[in-house]
Every structure is written in structure tokens, then in C-alpha cells.
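Working notes for the structure below.
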Amino acid sequence: QVQLVESGGGLVQTGGSLRLSCAASGSIFSINVRGWYRQAPGKQRELVAIIASGGRTNYADSVKDRFTISRDNAKNTVYLQMDSLKPEDTAVYYCYAAGVTYAYWGQGTQVTVSS
């Protein structure tokens, strides 16, 4: 089992920045991909950014050049730096971790961008 705890969400104005954190504990040796998804009201959950164990990253087109995913292996923590935020970035952001067999989700953290 892997436990994921997110922090860092909140309310910000358009053009502002936030940094989300996701700390992992448990059987983290089984994890080879970590990332972030988001779900806006009335919409499906969508990929925001992922980072593989080798360091390769992938971003949704809507956040490229604005968001940056990174990790601190010593702290078992993944970060999502969000800059130039837009109202359409408003959503619940979920931390994600996956191994060969299982996938895990955090409880979600609300990000609200006011216009």
C-alpha cells in the first residue's frame, strides 16, 4: 500500500502561482510513475503532469510552459509548480502514483483561480 498526502491548494488570482506537494509513504519502492490529475465540476478527471522514475516528464497541452512537475526523492515528495494560473485551471487536483499492478490516489486539494 502507498499513502499520498497532498498540500498547497488554495485561492489565487489570475496570473498568480501555487505550488502543490504530494508526500508518499508506504511501499513506495513499487512506484515508477507519479503525477497529478485534476477534475473540474462537471468534467472528467484529466491528466495534468506525470514524472517517471527515470525523470521523464509529460504535460497536458493546456498546462505546458506554465506548470512544472518535479520530485525530491529524499523526501518521497512530488511537486507541481503552477504559474500564470487561469480561471480554467480551477479544479480539485489529485496526486497519483502507479506501479506495475496498482495505482494510488491522494484525497485531492482544491485550487481556485479567480478572474
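The values are calculated or read from the model by the stated rules, or taken from the named source; none is laboratory data. As the structure is a computational prediction, the values presented were derived from the model and not from experiment. Positions of Cβ are backbone-derived with ideal geometry, glycine not excepted, and every protein chain shown enters the neighbour counts. With ligands, DNA and RNA removed, areas are computed over all heavy atoms of the protein, side chains included. Shrake-Rupley method; radii C 1.70, N 1.55, O 1.52, S 1.80 Å.
For N58 and N32, FRET efficiency with R0 = 22 Å and r from the beta-carbon atoms, rounded to 0.05?
0.95
Keeping all protein chains in place, calculate the accessible area per residue for region 61-115 (probe 1.4 angstrom), answer in Å².
52
Given a cut-off of 26 Å, what percent of all Cα-Cα pairs of the chain lie beyond it?
Everything past 26 Å amounts to 14 percent.
Roughly how big is the chain's charge dipole about its Cα centre, with Cβ charges of +1 (Lys, Arg) and -1 (Asp, Glu), in debye to the nearest 20?
It works out to roughly 140 debye.
Cα to Cα, under 16 Å, and not fewer than 8 places away if on the same chain: which aspartates and glutamates meet these conditions relative to K86?
Those aspartates and glutamates meeting the cut-off are D61, D65.
Please report the carbon-and-sulfur percent of the accessible area for the chain; probe 1.4 Å, protein heavy atoms only, DNA, RNA and ligands left out.
Accessible surface attributable to carbon and sulfur in the chain totals 48 percent.
Taking amide hydrogens as modeled 1.01 Å from N in the peptide plane, which residues meet the under 5 Å criterion relative to V33, leaving out close sequence neighbours?
A98
Once you keep just the Cα pairs under 8 angstrom separated by 6 or more residues, what percentage relative contact order results for the chain?
Taking the mean separation of contacting Cα pairs over the length of the chain, I get 37 percent.
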